[in-house]
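Q: What follows is a single structure, and I will ask about it in a moment.
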Amino acid sequence: MSQVHPVYAAMETTIFEHMSGLARQLGAINLGQGFPDGQGPPEIIAAAARALAEKSNQYPPGAGLPELRDAICGFYARRQGLELARGDVVVTSGATEAIAACILALVRPGDEVVLFEPAYDAYRPMVRRAGGVPVAVKLGPPNWRYDLAQLKAALTGRTRLLILNDPLNPSGTVASEAELAAIAEICIRHDLHAICDEVWEDVRFDGARHRSLMSFPGMAGRAVKIGSAGKIFGLTGWKIGWMCAGPAMIAALGRAHQFLTYTSPPALQWAVAGGLAMPDDWFAAQGEAWAASRDRLKRGLEQAGYAVLPNAATWFLCADLVASGIDLDDRTFSERALREGGVASIPVSAFFDAAGPRRVVRFCFTKSDATLDEAAERLARFRTGLL
Ligand code: GLN
């Protein structure tokens with residue numbers, strides 16, 4: 001074991017994998033790891049099946065099929081007003097690969113990297129593996145606002161990069177225009193690059209159009225925007241994601257990608273290209289179905305005595321355990337609710353270092369009505385049993 005890199009020697013299995021594994025083993029309802037329970041959009045799956053039979057099954061270009069890279073540009077032009085060209089886009093095996101490629105390509109030994117916590121669990125170990133130093137700036141419940149004074153205080157002469165996840169997993173909140181403008185201004189003043197993990201950009205329930213940090217004046221040359229077909233279409237197992245950046249950056253990001261996965265299955269790339277060209281109504285209908293599931297779980301949890309925090313985006317609802325009258329820390333709650341109550345959730349402290357909040361749990365709501373109703377009933381029984 002002494003040969004193992006210290007980052008991996010000390011690492012645990014991710015909370016998502018842990019909870020999904022236990023849920024499978026115990027036959028529990030899995031509201032932990034974020035994924036919809038259906039098969040996914042039939043027209044996109046049919047397109048993938050056709051592409052498997054009729055198109056090439058050999059290596060596509062390393063940067064992705066040109067048709068998909070164009071479709072990504074078209075999607076962002078139409079839905080976010082961004083002007084990107086095919087050469088600004090590299091297709092990756094999911095957003096997690098894009099995050100890894102960005103960190104490997106942009107972080108030099110000793111560089112400090114600002115992470116806003118709650119932070120997706122891949123960021124911190126990847127920064128450390130790249131020789132960088134993660135520096136946490138914390139957001140807190142119930143509103144999870146960006147504390148700009150804390151951000152400024154975290155910057156030093158060695159800060160090189162910040163990672164912003166907007167909309168934010170696990171809180172399901174969205175940065176305001178003013179917060180984004182202030183973060184952009186800080187990036188420019190301190191000459192920082194920004195990794196914009198925007199995988200939830202299309203899972204918004206506030207009626208607002210997604211605004212990328214990349215679109216603020218002066219950010220185009222210093223930001224990389226990460227997207228995910230898994231989130232846009234509810235096809236998480238496909239692992240098709242991408243990263244977009246200006247010419248100076250994308251070449252280096254592509255070099256990192258070529259020695260991570262090099263490329264991703266062409267049939268899935270063809271199908272995603274077709275999916276991104278679907279009309280806006282199609283995306284609106286999918287968003288309405290997800291919003292209805294969110295409202296159903298919210299009602300169920302509230303009737304069961306849980307204090308549900310506000311949600312404007314993502315597939316997740318969070319509950320505050322203290323306000324729910326539950327005297328357990330979030331890890332104990334998630335573990336016991338799974339083993340004794342038959343419902344998996346995610347403790348939000350997994351998104352923080354040791355000093356984060358310990359009283360919020362996350363539930364994924366992209367499930368059938370019957371599953372959500374049964375989960376709410378089980379969670380009601382479990383809570384009553386604790387009182
Ligand atoms: N993004 C997913 C979530 O937050 C987890 C993805 C994963 O397990 N790699 O649930």
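Q: If a residue must be over 22 Å from Ala101 (Cβ atoms), of a type outside the set (A, V, I, L, M, F, W, C) and not in a strand (DSSP E or B), how many such residues does region 192-209 contain?
A: Matching residues across region 192-209 total 3.
Q: Name every residue in region 127-146 that is under 21 Å from Ile183 (Cβ atoms) and outside any loop (DSSP other than H, G, I, E, B), in order of residue number.
A: Across region 127-146, the qualifying residues are Val127, Val133, Pro134, Val135, Ala136, Val137, Lys138.
Q: Which numbered condition trips up Gly87, out of (1) part of a helix (DSSP H, G or I); (2) closer than 15 Å to Gln269 by Cα; (3) away from the ligand (no atom under 16 Å from the Cβ); (4) small (Gly, Ala, Ser)?
A: (2)
Q: Do we find a residue being of a type in the set (A, V, I, L, M), within 16 Å of the ligand (Cβ to nearest atom) and modelled with pLDDT of 95 or more anywhere in region 64-75?
A: The answer is no; no qualifying residue exists.
Q: Would you check which residues across region 303-318 are in contact (Cβ under 8 Å) with a residue 40 or more places away in the chain, touching a helix residue (DSSP H, G or I) at 6+ places or on another chain (Cβ under 9 Å) and more than 16 Å from the ligand (Cβ to nearest atom) and list them?
A: Gln303, Ala304, Gly305, Tyr306
Q: Those residues that are of a type in the set (A, V, I, L, M) and either within 16 Å of the ligand (Cβ to nearest atom) or touching a residue at least 60 places away in the same chain (Cβ under 8 Å) (or both), I need them from region 115-138; list them, please.
A: Of everything in region 115-138, those that are of a type in the set (A, V, I, L, M) and either within 16 Å of the ligand (Cβ to nearest atom) or touching a residue at least 60 places away in the same chain (Cβ under 8 Å) (or both) turn out to be Leu115, Ala119, Ala122, Met126, Ala136.
Q: Oh, and also: Glu43 passes all but one of (1) within 13 Å of the ligand (Cβ to nearest atom); (2) touching a Gly at 6+ places or on another chain (Cβ under 9 Å); (3) among the charged types (D, E, K, R); which number fails?
A: For Glu43, the failing item is (1).
Q: Please determine whether any residue of region 336-353 is at pLDDT below 95 and on the phi < 0 side of the Ramachandran plot.
A: Yes, the conditions are met somewhere in region 336-353.
Q: Hey, another quick one. I want to confirm something. Restricting to region 24-40 and keeping residues that are outside any loop (DSSP other than H, G, I, E, B) and within 16 Å of the ligand (Cβ to nearest atom), which single residue is nearest to Ser345 (Cα to Cα)?
A: Per the stated criteria, the residue is Asn30.
Q: Check whether at least one residue in region 1-19 is within 11 Å of the ligand (Cβ to nearest atom), closer than 21 Å to Ala376 by Cα and part of a helix (DSSP H, G or I), and report yes or no.
A: yes
Q: Of all residues in region 41-84, which are among the charged types (D, E, K, R), in contact (Cβ under 8 Å) with a residue 24 or more places away in the chain and not in a helix (DSSP H, G or I)?
A: Within region 41-84, Lys55 is the sole residue that qualifies.
Q: Given the condition under 23 Å from Trp200 (Cβ atoms), within 16 Å of the ligand (Cβ to nearest atom) and buried (at least 18 other Cβ atoms within 10 Å of the Cβ), answer yes or no: does some residue in region 142-150 qualify?
A: Scanning region 142-150 turns up at least one residue that is under 23 Å from Trp200 (Cβ atoms), within 16 Å of the ligand (Cβ to nearest atom) and buried (at least 18 other Cβ atoms within 10 Å of the Cβ).
Q: Looking at (1) touching a strand residue (DSSP E or B) at 6+ places or on another chain (Cβ under 8 Å); (2) aromatic (Phe, Trp, Tyr); (3) surrounded by fewer than 19 Cβ atoms within 10 Å (Cβ to Cβ), which is the only condition Trp200 fails?
A: (3)
The values are calculated or read from the model by the stated rules, or taken from the named source; none is laboratory data. Given the structure is predicted, the values throughout are model-derived calculations rather than measurements. All Cβ positions, even for glycine, are placed from backbone atoms using ideal geometry, and neighbour counts span all protein chains on display.
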